[in-house]
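Derivation of every value follows stated rules applied to the coordinates shown; laboratory data play no part. Source: prediction; values computed, not measured. A quick note on method: Cβ atoms are made from the backbone with ideal geometry, for glycine too, and the neighbour counts reach across all protein chains shown.
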Amino acid sequence: MRFLPALALICSLGCSAPLARAPLPSGTISHVVVCYLKTPGDAVARQKIVEAARTFRQIPGVLSVEVGQPLLPSTRPVVVKDYDVACVITLKSRAALAAYAPHPIHQKAVTEVLNPLAAKIVIYDIVGE
């Protein structure tokens with residue numbers, strides 16, 4: 001019974017403390033893909049892209065995949081909010097990025113989902129320092 005207050009304290013600290021991310025190593029690549037749908041605002045098309053992007057987690061060298069839609073409303077004039085869905089794929093190296101593009105999972109998503117649904121795709125590749 002004496003350990004219960006200590007256990008409660010540990011649990012409350014663990015549950016209330018914010019999760020901090022470790023910085024990504026130098027040379028890590030952030031592959032940012034911004035999609036504009038052929039039918040802007042189409043929730044079904046957006047969800048298909050979200051689901052396709054999540055499959056990229058299976059590709060060797062991919063560290064993480066984050067995907068979503070613009071945060072609206074936004075009154076900040078510097079915020080771009082005219083796209084439908086975007087994802088940030090973090091890869092461990094330039095070599096991983098080079099292997100990612102021709103990978104069958106990526107090619108399937110491009111052929112079966114992105115090309116049929118997206119009117120425009122903008123990509124930014126950023127290397128960590």
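With each pseudo-label sitting 7 Å past Cα toward Cβ, what's the VAL32-ASN115 distance in nm, one decimal?
2.7
Out of residues 5 or more away from ALA118 or on other chains, whose amide H comes under 5 Å of its own, with H placed 1.01 Å from N in the peptide plane?
Long-range HN contacts for ALA118: LYS38.
At 0.36 nm per residue, and after removing the present C-alpha to C-alpha distance, how many nm does the segment from VAL127 to ALA95 gain when stretched out fully?
10.3 nm
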